[in-house]
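Trainee: Provided herewith is a single structure, encoded as structure tokens, for subsequent inquiry.
The values are calculated or read from the model by the stated rules, or taken from the named source; none is laboratory data. Just so it is clear, the structure is predicted and the values come from calculations on it, not from any experiment. All Cβ positions, even for glycine, are placed from backbone atoms using ideal geometry, and neighbour counts span all protein chains on display. Surface areas here come from the heavy atoms of the whole protein model, side chains and all, with no ligands, DNA or RNA. Shrake-Rupley method; radii C 1.70, N 1.55, O 1.52, S 1.80 Å.
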Amino acid sequence: LKATVIGVVYSFVPGVIGAVVVAFGVAGAIAGGDSAAGALGGLVAIGGLLVAAVLSVVAAYLLPAALANYAETGRLGAGFALGDLRPVWLSGTYATGWLYALAVLLAGGLVAGALNVVPFVGFVAGAFVTFYAAVAAAYIVGHTWADVHPVRLPDGDPMPEERPAV
């Protein structure tokens with residue numbers, strides 16, 4: 001539930017900006033009719049869609065690191081700790097890992113789409129392919145997070161309460 005809250009907050013800005021600009025453009029296009037004002041309104045609507053698409057890609061880039069930071073600490077606020085997340089977002093290692101994960105998701109989507117040529121079997125097989133592509137993408141993001149943001153272990157014996165069985 002907390003991870004969903006983080007995802008909704010990160011997607012809120014692209015959604016609101018896109019909706020407002022597109023609504024303004026569509027209203028201008030309708031009010032302007034066949035005139036230049038109508039054409040300008042249509043261009044504003046198309047521009048709003050493009051801006052919303054770009055902001056959605058930015059949110060998709062920022063979100064995995066925010067979720068990983070939340071998962072590491074267990075605090076909801078860690079998903080929005082810009083000071084902690086900014087170095088991760090700006091690192092080449094994170095960008096590369098994110099692109100690999102995106103490529104895996106896109107490839108999984110293409111394979112699932114191709115499998116849907118066969119009516120029922122393709123649907124079932126496509127669901128498995130999509131699921132495993134998502135798992136592989138999460139694995140890539142998790143390892144990228146570990147590379148960029150190493151976990152600090154306590155000093156001394158890491159597990160003093162454990163003793164050998166023999």
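Trainee: Would you be so kind as to identify which of Ile46, Gly83, Ala29 lies farthest towards the positive end of the dipole of the stretch 7-166, taking Lys and Arg as +1 and Asp and Glu as -1 on Cβ and the Cα centre as origin?
Mentor: Checked the options; the winner is Ala29.
Trainee: In whole percent, how big is the carbon plus sulfur part of the accessible area of the chain, probe 1.4 Å, protein atoms only?
Mentor: 76 percent
Trainee: Right, here's the next one. Over the chain, average the accessible area per residue using a 1.4 Å probe and give it in Å², no decimals.
Mentor: Per-residue value: 65 Å².
Trainee: Cα-based Rg of the chain per 2.2 N^0.38 Å, rounded to two decimals?
Mentor: 1.44
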